[in-house]
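Engineer: I'd like to ask some things about the structure below.
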Amino acid sequence: MFSILRHYQPKCKQMKKIVFVNGFIGGLIVAAMLVITTGIYHASGNFDGGMLIGYASMLIAFSLIFVGIKSYRDKYNDGIISFGKAFQIGLYITLIASSIYVITWLIDYYYFIPDFGEKYAEQMLSKLRADGASETELMAKAKELASFSAMYKNPFFNALMTYMEILPVGLLVTLISSFILKRKVKPVV
């Protein structure tokens with residue numbers, strides 16, 4: 001029994017190292033892009049393109065999920081990995097990177113751009129006006145945006161909404177990577 005535990009322990013250590021390194025680097029990538037793009041778009045008052053750049057940076061950061069799973073499979077698990085183990089590694093990387101993203105957003109929002117919601121609402125209403133929305137539609141949208149902005153001031157709601165931005169992307173990349181990289185038999189060399 002002790003020989004089994006000795007054999008398993010190094011793999012567990014290596015998995016933790018892979019998860020932390022890839023999760024931390026992925027988190028730094030999305031956090032850096034978040035700060036840069038938010039600063040640029042907030043200063044200009046024009047948020048067009050921000051979502052596209054944000055999700056592209058998430059995909060770049062989450063490419064480390066694939067790297068982490070493949071690294072564990074090939075270097076530490078004799079070229080074999082189950083879908084479940086691959087998914088577990090990807091999930092942990094996703095959670096670490098997503099948490100860094102959320103913490104960065106909360107710091108950025110509450111300390112540097114507390115008027116983000118108001119500026120975003122102004123731009124949304126300006127777009128609706130330019131598209132020919134009626135006054136009734138504009139008032140309804142303004143009320144909706146004001147309500148959301150008030151809820152967004154709550155740190156718990158803010159964090160929850162921010163997790164909802166990034167977690168689905170990480171889970172999708174985890175699912176795809178786990179499916180692609182699973183291998184039940186040792187490769188013939």
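Residue by residue, here is whether (1) of a type in the set (G, A, S); (2) within 19 Å of L167 (Cβ to Cβ) holds:
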| site | (1), (2) |
| --- | --- |
| A56 | yes, yes |
| I60 | no, yes |
| I65 | no, yes |
| G68 | yes, yes |
| S71 | yes, no |
| S99 | yes, yes |
| V102 | no, yes |
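Engineer: Hey, does the range 51-59 have a residue that's open to solvent by 70 Å² or more (accessible area, probe 1.4 Å) and either under 30 Å from K186 (Cβ atoms) or not in a helix (DSSP H, G or I) (or both)? Talk me through it step by step, then tell me what you get.
Structural biologist: The initial filter retains those residues of the range 51-59 that are open to solvent by 70 Å² or more (accessible area, probe 1.4 Å), namely 51-52, 55, 59.
With either under 30 Å from K186 (Cβ atoms) or not in a helix (DSSP H, G or I) (or both) added as a condition, the list becomes none.
No, the range 51-59 contains no residue that is open to solvent by 70 Å² or more (accessible area, probe 1.4 Å) and either under 30 Å from K186 (Cβ atoms) or not in a helix (DSSP H, G or I) (or both).
Engineer: What is the residue count in the range 74-90 for residues that are surrounded by fewer than 24 Cβ atoms within 10 Å (Cβ to Cβ), assigned to a helix (DSSP H, G or I) and in contact with a helix residue (DSSP H, G or I) (Cβ under 6 Å, 6 or more places away or on another chain)?
Structural biologist: Here is the first cut: in the range 74-90, the ones surrounded by fewer than 24 Cβ atoms within 10 Å (Cβ to Cβ) are 74-85, 87-88.
Now restrict to residues that are assigned to a helix (DSSP H, G or I): 74-76, 83-85, 87-88.
Now narrow it down to the ones that are in contact with a helix residue (DSSP H, G or I) (Cβ under 6 Å, 6 or more places away or on another chain): 76, 83, 87.
Qualifying residue count for the region: 3.
Engineer: Looking at L167, L160, L106, which is the one that is at pLDDT 90 or above and open to solvent by 60 Å² or more (accessible area, probe 1.4 Å)?
Structural biologist: L160
Engineer: Also: For K11, state whether it is of a type in the set (K, R) and either at pLDDT 90 or above or open to solvent by 60 Å² or more (accessible area, probe 1.4 Å) (or both).
Structural biologist: Details: of a type in the set (K, R): yes; either at pLDDT 90 or above or open to solvent by 60 Å² or more (accessible area, probe 1.4 Å) (or both): no.
Criteria not met by K11.
Engineer: Which condition from (1) over 30 Å from K186 (Cα atoms); (2) of a type in the set (A, V, I, L, M); (3) open to solvent by 50 Å² or more (accessible area, probe 1.4 Å) is the one that A121 breaks?
Structural biologist: Result: A121 fails condition (3) only.
Engineer: Determine, yes or no, whether A133 is surrounded by fewer than 15 Cβ atoms within 10 Å (Cβ to Cβ), at pLDDT below 95 and of a type in the set (G, A, S).
Structural biologist: no
The values are calculated or read from the model by the stated rules, or taken from the named source; none is laboratory data. All values derive from a computational prediction rather than experimental measurement. Glycine also receives a Cβ, built like all others from the backbone with ideal geometry; neighbour counts cover every protein chain displayed. With ligands, DNA and RNA removed, areas are computed over all heavy atoms of the protein, side chains included. Shrake-Rupley method; radii C 1.70, N 1.55, O 1.52, S 1.80 Å.
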